[in-house]
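Structure record follows, encoded as structure tokens.
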Amino acid sequence: MGELKFPNNFTVDCGDFFGVGGEQDSLKSMFLVKAMDKLGYDVVTLGEREFNFGQQFLLNQFKTTKVDVVCANLVYADSKKPFVKPYVIRKVGTLKVAFFGLIGTDMKIRPFKGDPALTILDPTTTGKAMLADLRKKADIVVLLSHLGMSDSQKLTVDVPVDVMFFGHQPGLFRTLAKTQDVITVRGGERGQYIPEVHLVVEDRKITSFDGDVVQLDDKVPADEAMNAEVDKYQDELNQRFAKANEATAQTATAHTAQQIAGERYLGENNCRRCHEAEYQKWSTQKHAHAFQTLVTNQRDSTPECLPCHVVGMGSSGGFISKQSTPDLVNVQCESCHGMGTRHGSTDTVGPEVCQTCHTHQQDPNFQYDEMVQKIVHWE
């Protein structure tokens, strides 16, 4: 994500804003495009992840938005016609600002049955031709690059646009920089930062620039209207999966029964038979009530949230849904000590076990040595 400030603002994105796959990610991607439209995004380019649900899904999401999608070197293999607009030109008073996008040739676009084949043309060759054309049509030329940092920096030599935003694992510059004569902008990942670029233009030329990289922390006031939209989406998503789980609970239970003879998770009551003292200590701690957190926040059927609040989700014999495997809710013994039918194979529990859920992204302040003292339940 990035922002250019003239008398009017332009908000742009350099791709990979779709999810990796699956029903939840497709629903999330649909919501994200609607949110981008409401937030006033102007122009975006495409990354490889935008094709994770097929070409038609991608194109349909932007049909009813005001967001322009650009990519100059992504074309249909047979006709060589561009997949989306190569560029757009936006006006600020009498000033014309051109935006075009490029995607790297090493990006792996996921093929879907029925989708026409696409070809990624050489970014440097395409960029040179595009820049020569746009210099005749616009005063300022902005490139949204989905080539990654290294290849994007190399591109500043051969395609000296005025401003370049980096996508595809771009990293973060906490201050704005200039590579060759190109103002280069890197905004990090996961929407945690917004780089702002302020351009001073005289006689249709950039005479100076400044800006800042804004961290979206607690100091930035939340948009209550957008928060309400997010909550509504999350509630509807949870309800959708809850209904799906109810519909398949009987089948899931039958499937679980078939696994009884094999390795599986046994649940806290089985562990309690031999470890009553440890069980009593554990039962007073937050891990023992982790699933209630999801229930309270209406996320108890949301696949994105569930794995760290239940036992063995995604593994054979693990949690399936609250309807079919109610004995595997919460962070239980087997969450840390391993599957019950493999009892004794896990001698110690170290930081790596905790950090599967307490990741830097989800729990940036997590300190193992400090936090492990809060869950002591052993002699």
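Some points to look at:
- Long-range neighbours under 7 Å by Cβ, at least six apart or interchain, first residue within 15 Å of residue 373 (Cα to Cα) and at pLDDT 85 or above within region 337-355, second charged (D, E, K, R) and assigned to a loop (DSSP other than H, G, I, E, B): none
- Complete set of residues in region 178-203 that are at positive phi and in contact with a strand residue (DSSP E or B) (Cβ under 7 Å, 6 or more places away or on another chain): 188
- Screening the candidates 231, 235, 212 for the property of being surrounded by 12 or more Cβ atoms within 10 Å (Cβ to Cβ) and in a strand (DSSP E or B) yields one hit, 212.
- Annotation note: Cβ proximity below 7 Å between a residue of region 20-33 that is outside any helix (DSSP H, G or I) and a residue that is of a type in the set (Lys, Arg) and open to solvent by 60 Å² or more (accessible area, probe 1.4 Å) (sequence gap 6+ or interchain) occurs for 20/49.
- Taken over region 118-162, the residue count meeting the criterion of being open to solvent by 30 Å² or more (accessible area, probe 1.4 Å), among the aliphatic types (A, V, I, L, M) and modelled with pLDDT of 95 or more is 5.
- If the condition is being under 20 Å from the mean Cα position of the chain (by Cα) and either open to solvent by less than 50 Å² (accessible area, probe 1.4 Å) or under 17 Å from residue 331 (Cα atoms) (or both), then region 346-379 contributes 355, 356, 357, 358, 359, 362, 363.
- Conditions (1) closer than 20 Å to residue 43 by Cα; (2) out of contact with any helix residue (DSSP H, G or I) (no Cβ under 7 Å at 6 or more places or on another chain); number of the one not met by residue 141: (2)
- When the strands (runs of 3 or more DSSP E) confined to region 55-102 are screened for residues that are crowded, with 16+ Cβ neighbours inside 10 Å, within 22 Å of the chain's Cα centre (by Cα) and not small (Gly, Ala, Ser), those reaching at least 3 such residues are found at 68-70.
- Residues that are part of a helix (DSSP H, G or I), in contact with a helix residue (DSSP H, G or I) (Cβ under 7 Å, 6 or more places away or on another chain) and not small (Gly, Ala, Ser) do occur in region 339-352, at least one of them.
- Lone unmet requirement of (1) surrounded by fewer than 19 Cβ atoms within 10 Å (Cβ to Cβ); (2) of a type in the set (A, V, I, L, M, F, W, C); (3) in a strand (DSSP E or B) for residue 44: (1)
- Among (1) farther than 17 Å from residue 354 by Cβ; (2) in a helix (DSSP H, G or I) - the single one residue 298 does not satisfy: (2)
- Positions within region 103-117 being closer than 18 Å to residue 151 by Cα and either buried (at least 16 other Cβ atoms within 10 Å of the Cβ) or over 28 Å from the mean Cα position of the chain (by Cα) (or both), in sequence order: 103, 104, 107
- Restricting attention to region 363-379, the residues being in a loop (DSSP other than H, G, I, E, B) and without any contact (Cβ under 8 Å) to a residue 24 or more places away in the chain number 5.
- Residue ID - farthest from residue 231 (Cα to Cα), chosen from residues in region 280-295 that are among the small types (Gly, Ala, Ser) and part of a helix (DSSP H, G or I): 288
- Enumeration of residues in region 280-336 that are free of Cβ contacts under 8 Å to residues at least 12 places away in the same chain and either of a type in the set (Phe, Trp, Tyr) or crowded, with 20+ Cβ neighbours inside 10 Å (or both): none
- Criterion applied to 264, 273 was being over 33 Å from the mean Cα position of the chain (by Cα), open to solvent by 60 Å² or more (accessible area, probe 1.4 Å) and either at pLDDT 85 or above or under 19 Å from residue 333 (Cα atoms) (or both), and the one residue passing it is 273.
The values are calculated or read from the model by the stated rules, or taken from the named source; none is laboratory data. Worth saying up front: this structure is predicted, and the values here are computed from it rather than measured. No Cβ is skipped: glycine too gets one built from the backbone with ideal geometry, and neighbour counts run over all protein chains shown. The accessibility values were calculated without ligands, DNA or RNA, using every heavy atom of the protein model including side chains. Shrake-Rupley method; radii C 1.70, N 1.55, O 1.52, S 1.80 Å.
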